[in-house]
Amino acid sequence: MNVKMKAVVINEYGDNDVIEYNSVDRPEPDAGEVLVKVHAAGVNPVDWKIRGGLGQRLGMSLPIHLGGEIAGTIETLGEGVSEFQVGDAVYGIIGSGGFAEYALAKAGDIALKPANLGFTEAAAIPLGALTAWQAIFDLAKLSSGQRLLITNSSGGVGSLAVQLAKAGGAHVTAVASAHNEDYVRGLGADDFIDYRTRRFEEVAHDIDVVFDTVGGDTFDRAFPPLRKGGFLVTAVAFPKDEAKAYGVGAARVFCKPDADQLASIRHLVEAGKLKGHVAKVFPLANIKEALALSEEGRTRGKIILQIQG
Ligand SMILES: NC(=O)c1ccc[n+]([C@@H]2O[C@H](COP(=O)([O-])OP(=O)(O)OC[C@H]3O[C@@H](n4cnc5c(N)ncnc54)[C@H](OP(=O)(O)O)[C@@H]3O)[C@@H](O)[C@H]2O)c1
């Protein structure tokens with residue numbers, strides 16, 4: 001008889017009414033995979049976007065097991081896995097199935113979690129930190145001494161981008177709401193712009209790199225602050241020819257798993273240079289509430305599901 005576990009599943013696209021909290025078969029790892037006992041999972045905008053139809057556009061097929069960011073312990077090793085031992089505490093991003101008591105991960109996609117963090121705090125790190133790392137360092141080539149402007153510095157991605165950029169020696173201009181000024185300055189931001197009362201493009205000049213995680217009108221306004229030859233990287237929009245007119249570069253980041261980067265991120269966390277902020281913790285059964293809160297788009301830091309003790 002198959003071992004059962006609780007998991008969050010959708011059988012159709014739609015709003016929170018399509019969310020099912022079901023008893024399903026616990027998966028078995030294939031070669032190169034591990035089964036992770038999930039202690040905590042990060043809730044991200046991509047989860048309700050997949051629920052709402054993005055899953056189809058990404059080529060996922062129904063039923064979809066939601067959840068892509070986890071922290072937990074290795075329960076079972078698939079054939080040929082030598083990176084980990086049963087019981088190792090790990091964190092990382094996976095394609096799907098993270099909102100469950102157990103989840104499969106490719107061994108090469110995850111890494112040991114920071115030793116100084118509990119699982120709840122560790123689950124707040126991987127997606128935001130990998131996205132920020134790949135955006136500002138891999139794509140935009142941000143280097144020490146350069147000036148970075150982040151259009152949403154208080155969210156799950158931006159709050160980690162501020163800290164990574166500071167750890168890399170950059171000067172950071174943080175855009176956020178006034179009620180988050182102390183928070184983002186506490187993360188290391190040098191300059192602050194309240195986006196509700198000022199237009200950042202009228203205040204900021206000679207910026208080397210802009211990192212945008214807002215999109216829409218904010219993306220359109222994110223070019224003027226750049227110096228000639230600067231770079232705009234966005235996690236939300238799809239740059240077309242706008243960059244040419246401004247004499248800058250532009251790219252969209254598509255966050256992908258990277259165990260080496262997760263290991264570097266772990267070292268920064270353990271050195272006290274990077275921390276996640278947990279905004280609210282829900283039990284797995286309250287997944288609809290957690291997704292609804294994420295969808296409001298007002299979270300400071302990260303929403304976490306507490307799954308196994
Ligand atoms: N391409 C990729 O690989 C990738 C990876 C990760 C995330 N993303 C995308 O990046 C976006 C951000 O993700 P996230 O997890 O950081 O979001 P989030 O945590 O939900 O962002 C919430 C924060 O955004 C702030 N905010 C709302 N409107 C704003 C505006 N107009 N200007 C500045 N700040 C604003 C809110 O603060 P106030 O309301 O208090 O101002 C709140 O603190 C999402 O669309 C997500 O899907 C893409």
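The values are calculated or read from the model by the stated rules, or taken from the named source; none is laboratory data. Quantities reported herein were computed from a predicted structural model and do not represent experimental measurements. Here the Cβ positions follow ideal geometry from the backbone for every residue, glycine too, while neighbour counts run over all protein chains shown.
Annotations
- From the list K113, K106, K166, K141, the one residue that fits, being among the charged types (D, E, K, R) and closer than 20 Å to A237 by Cβ, is K141.
- Of the numbered criteria (1) under 17 Å from S159 (Cα atoms); (2) out of contact with any strand residue (DSSP E or B) (no Cβ under 6 Å at 6 or more places or on another chain); (3) assigned by TED's automatic domain parsing to the domain that holds F137, the one E242 fails is (1).
- From the options A124, A174, residue that is more than 10 Å from the ligand (Cβ to nearest atom), outside any helix (DSSP H, G or I), of a type outside the set (D, E, K, R) and buried (at least 24 other Cβ atoms within 10 Å of the Cβ): A124
- Selection of first residues in the range 64-77 that are at positive phi and assigned by TED's automatic domain parsing to the domain that holds A100 and of second residues that are at pLDDT 95 or above and acidic (D, E), restricted to Cβ pairs under 9 Å at least 6 apart or on distinct chains, gives the following pairs, ordered by first then second residue: G67/D47.
- Scan of the range 21-41 for residues that are outside any loop (DSSP other than H, G, I, E, B), surrounded by 15 or more Cβ atoms within 10 Å (Cβ to Cβ) and of a type in the set (D, E, K, R), ordered by number: E33, K37
- Selection count, the range 62-79, where residues are under 15 Å from P29 (Cβ atoms) and surrounded by fewer than 17 Cβ atoms within 10 Å (Cβ to Cβ): 1
- Unique match (being away from the ligand (no atom under 16 Å from the Cβ), among the hydrophobic types (A, V, I, L, M, F, W, C) and within 16 Å of the chain's Cα centre (by Cα)) among A115, A111, A129: A111
- Positions within the range 1-19 being in a strand (DSSP E or B) and either of a type in the set (A, V, I, L, M, F, W, C) or surrounded by 15 or more Cβ atoms within 10 Å (Cβ to Cβ) (or both), in sequence order: M5, K6, A7, V8, V9, I10, I19
- Only residues that are under 15 Å from Q306 (Cβ atoms) and not in a strand (DSSP E or B) were counted in the range 70-104, giving 3.
- Residues that are more than 16 Å from the ligand (Cβ to nearest atom) and either under 30 Å from G92 (Cα atoms) or β-branched (V, I, T) (or both) within the range 240-258 comprise V248, G249, listed in sequence order.
- Taking each residue of the range 213-232 that is in the same structural domain as W133 (by TED's automatic domain parsing) and looking for partners that are basic (K, R) with beta-carbon atoms closer than 8 Å, six or more apart or interchain, yields R221/R199; F231/K141.
- Test result for L160, closer than 21 Å to G276 by Cβ and either more than 11 Å from the ligand (Cβ to nearest atom) or not basic (K, R) (or both): yes
- The single residue among H205, H179 that is assigned to a helix (DSSP H, G or I) and loosely packed, with under 15 Cβ neighbours inside 10 Å turns out to be H179.
- Cβ pairs under 8 Å, 6+ apart, first in the range 170-193 and charged (D, E, K, R), second away from the ligand (no atom under 14 Å from the Cβ): D190/H171; D190/V172; D191/H171; D191/V172
- Restricting V214, V162 to residues that are farther than 20 Å from A250 by Cβ and not in a strand (DSSP E or B) narrows the list to V162.
Quick grid of which residues meet (1) among the small types (G, A, S); (2) surrounded by fewer than 22 Cβ atoms within 10 Å (Cβ to Cβ):
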| site | (1), (2) |
| --- | --- |
| G230 | yes, no |
| V233 | no, no |
| A237 | yes, yes |
| F254 | no, yes |
| A263 | yes, yes |
| K275 | no, yes |
| V281 | no, yes |
| L284 | no, yes |
